[in-house]
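Notes for the one structure printed next.
The values are calculated or read from the model by the stated rules, or taken from the named source; none is laboratory data. These figures come from a predicted structure and were not determined experimentally. Cβ atoms come from the backbone with ideal geometry, glycine included; neighbour counts cover every protein chain shown.
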């Protein structure tokens, strides 16, 4: 199956970035681009967690574990958020509202131990309402923190 790594910016303009038969290549490339956009700046880490510009959606099960075969697939032509569940090289499209999943938003990573190549993965946070200085993890596409952000996603191309 052929896939495309795409982005949708704050103006809802969609760009195709790369195509591949290997989904893992596209996920890695998407995360690399997100990390570069969010982490290669002069902001302190706490600021980077709140002042990010792009993200890559990850889906979690009810135990908070990453669902390896679920990938954000952007929006339908009608504007509904969707995901693909991929099994045996077949991508089955679902509306996110119809699937019981939790979300987190990858925004980058920082190296904490260069010698051993240990990295901390950073997920999007926002200011906790009514609690100055406290943050909560962004966990919904409808969160106000998602406004004006660039979303990276994977599109499936059907074989002919």
Exercise for review: Please work out which one of (1) more than 12 Å from the chain's Cα centre (by Cα); (2) farther than 28 Å from residue 136 by Cα is the condition residue 42 fails and give its number.
Suggested key: (2)
Exercise for review: Determine, yes or no, whether residue 68 is under 21 Å from residue 28 (Cα atoms), under 18 Å from the mean Cα position of the chain (by Cα) and assigned to a loop (DSSP other than H, G, I, E, B).
Suggested key: yes
Check your understanding: Listed residues 51, 10; which is within 25 Å of residue 101 (Cα to Cα) and out of contact with any strand residue (DSSP E or B) (no Cβ under 6 Å at 6 or more places or on another chain)?
Key -> 10
Practice item. Could you tell me which residue of segment 21-35 is nearest to the chain's Cα centre (by Cα), considering only residues that are loosely packed, with under 14 Cβ neighbours inside 10 Å and modelled with pLDDT under 95? Key: 24
Check your understanding: Could you list, in sequence order, the residues of segment 144-160 that are more than 20 Å from residue 45 (Cβ to Cβ) and either under 11 Å from the mean Cα position of the chain (by Cα) or not in a loop (DSSP other than H, G, I, E, B) (or both)?
Key -> 144, 146, 150, 151, 152, 153, 154, 155, 156, 157
Exercise for review: Taking only segment 77-92 into account, find how many residues are touching a residue at least 40 places away in the same chain (Cβ under 8 Å) and either farther than 22 Å from residue 31 by Cβ or in a loop (DSSP other than H, G, I, E, B) (or both).
Suggested key: 2
Practice item. List the number of the failed condition for residue 141; all other conditions in (1) touching a residue at least 40 places away in the same chain (Cβ under 8 Å); (2) under 19 Å from residue 34 (Cα atoms); (3) touching a helix residue (DSSP H, G or I) at 6+ places or on another chain (Cβ under 9 Å); (4) assigned to a strand (DSSP E or B) hold. Key: (4)
